[in-house]
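The values are calculated or read from the model by the stated rules, or taken from the named source; none is laboratory data. Keep in mind that this is a model prediction, so the values were computed, not measured. Cβ: placed from backbone, ideal geometry, glycine included. Neighbour counts: every protein chain shown.
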Amino acid sequence: MELEREKINHTLFQNKFAEELLSIYGSPLYVYDGVILRQTIEHITKAISYPHTQFHFASVTNGNVALLQIFRDAGWGLHANTPGDIYLGLEAGFHPSQIVYSGSNLNHAEMEQILDWGVTTLNLDSIAQLQLCCEILAEKDQPNFLRLGLRLNLPEITGDSRIGVHPEEFHAALNITQKAGLKLSGLHFYRGTGTNATTAFTKVIDTVIATAQQLPDWEYLDFGGGFGYPYHHRGIAFDWEEFGRELTAKINQLERKIDLIIEPGRAAIAGCGTLLARVISGKWQGNKQIVGVDTTVANLSVPSVHGGYREIITCQQNPQISYSQTHITDICGNTTYSRDYLGKNCQLPALEIGDIIAILDVGAYGYAMSSHFLHRPKPAEVLVEDYEHRLIRMRED
Ligand SMILES: Cc1ncc(COP(=O)(O)O)c(C=O)c1O
């Protein structure tokens, strides 16, 4: 996508504005750029021209209610992985019919809860979950409009995954729904998270469609989730236009008109989020700069715990700065936990106490995966649109 690199020059990274935000809301601070988020939503939406397409934001990546409302206002629905995702979606004002659930391993009370909330599209992960759902529905007045689907497990295309139902089990699933007087009308394909190779999706479309056609009452296809984001700047990005073109062409060839659900997570939200933090101390180990900042891996676990890369820049940094003016730098959190690195071997100018760093592209799996490990409170979250800013989640104390 062209838009995400513009952010290097974005107002957020001008030191004065970053200073203003940290002086008002404190440091560290999650900052979301509403303009970038809206641009990304538009970019993804326009890429798929198939008319019966509904986008659902996968809120596993970021459950901030104010951000969910931006998706809702843009006409997207919500994709829920858990009852908690649904709860937040309802808080954000989504109608239950705008929520698609595709999770795993709900107990009786949880399954009953999501049905009572009125969620009408459920992609179930196992025969046992389908059975449980049908049993609960048998005890209730069935909702007028309920779409039951299966999550697909087909190792050739879904890899070695614990998720889903193999096509060999479809007949057992159909027996259960028929006995309950229900239809099995959907197939959900999810190929795992964070793939930037567009062909990884386009080359499996035929197989997914052929598999879905084994369901006699097939009405909708939910095609994930899992679309990547180019965290390595100037790296390969997922090509939404190519994906949209190929998927639309193949679905248009079908005799029956199906509904298409797309549930992007990180692809939609990663690029709009930045974690600002202040430099607390600095030292040198030979040629390497060791910078201590006032945040920790518990506030942003992905780079350190899960091995992901997030670009770090300084807010004072002059974009024209030459490579020779930078130094190999480790950015370390404010604990002595051995993995408390926010970034390793970054190229940064010499930093001083009080300087501000910006960890980019943390909108997905950032705050959502933060924890109280290390007993540091979670940062505040702020939404910025041009120079307007507002608190969207309070800092913990
Ligand atoms: C079913 C499902 N859909 C979508 C997502 C979001 O994935 P991504 O951020 O890779 O798009 C997830 C993530 O766990 C998921 O389990």
Quick one: N252 ticks every box in (1) within 16 Å of the ligand (Cβ to nearest atom); (2) assigned by TED's automatic domain parsing to the domain that holds I41; (3) not acidic (D, E) bar one, so which box is it? (1)
Say whether the condition of being acidic (D, E), outside any helix (DSSP H, G or I) and in contact with a Phe, Trp or Tyr (Cβ under 6 Å, 6 or more places away or on another chain) is met by at least one residue in region 248-262. yes
Tally of residues being within 16 Å of the ligand (Cβ to nearest atom), surrounded by 18 or more Cβ atoms within 10 Å (Cβ to Cβ) and not in a strand (DSSP E or B) across region 181-192: 3
Residues being in a strand (DSSP E or B) and more than 14 Å from L174 (Cα to Cα): count how many of those fall in region 124-150. 0
Within region 161-174, can one find any residue that is within 15 Å of the ligand (Cβ to nearest atom), under 22 Å from the mean Cα position of the chain (by Cα), of a type in the set (A, V, I, L, M) and part of a loop (DSSP other than H, G, I, E, B)? yes
Has region 66-75 got any residue that is assigned by TED's automatic domain parsing to the domain that holds V119, within 13 Å of the ligand (Cβ to nearest atom) and surrounded by fewer than 18 Cβ atoms within 10 Å (Cβ to Cβ)? no
The correct count of residues that are assigned to a loop (DSSP other than H, G, I, E, B) and either within 11 Å of the ligand (Cβ to nearest atom) or aliphatic (A, V, I, L, M) (or both) in region 197-239 is 12
With in contact (Cβ under 8 Å) with a residue 24 or more places away in the chain and crowded, with 20+ Cβ neighbours inside 10 Å as the only criterion, which of I136, I114, I127 stands out? I114
Considering region 372-383 alone, what residues qualify as being farther than 17 Å from S338 by Cβ and of a type outside the set (V, I, T)? H372, P377, K378, P379, A380, E381, L383
Top-ranked residue of region 370-395 - restricted to ones that are touching a helix residue (DSSP H, G or I) at 6+ places or on another chain (Cβ under 7 Å) and acidic (D, E), ranked as surrounded by the fewest Cβ atoms within 10 Å (Cβ to Cβ): D386
For G292, indicate whether it is without any contact (Cβ under 8 Å) to a residue 60 or more places away in the chain and within 22 Å of A80 (Cβ to Cβ). no
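For every residue, the table says whether it meets (1) closer than 18 Å to L260 by Cβ; (2) modelled with pLDDT under 95; (3) surrounded by fewer than 17 Cβ atoms within 10 Å (Cβ to Cβ).
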| position | (1), (2), (3) |
| --- | --- |
| R151 | yes, no, no |
| L154 | no, no, no |
| G164 | no, no, no |
| A172 | no, no, yes |
| Q178 | no, no, yes |
| T199 | no, no, yes |
| I205 | yes, no, no |
Of L300, L275, L342, the only residue that is within 30 Å of R72 (Cα to Cα), in a strand (DSSP E or B) and not assigned by TED's automatic domain parsing to the domain that holds T193 is L275
Go through region 345-372 residue by residue and tally those that are on the phi < 0 side of the Ramachandran plot, part of a loop (DSSP other than H, G, I, E, B) and not acidic (D, E). 12
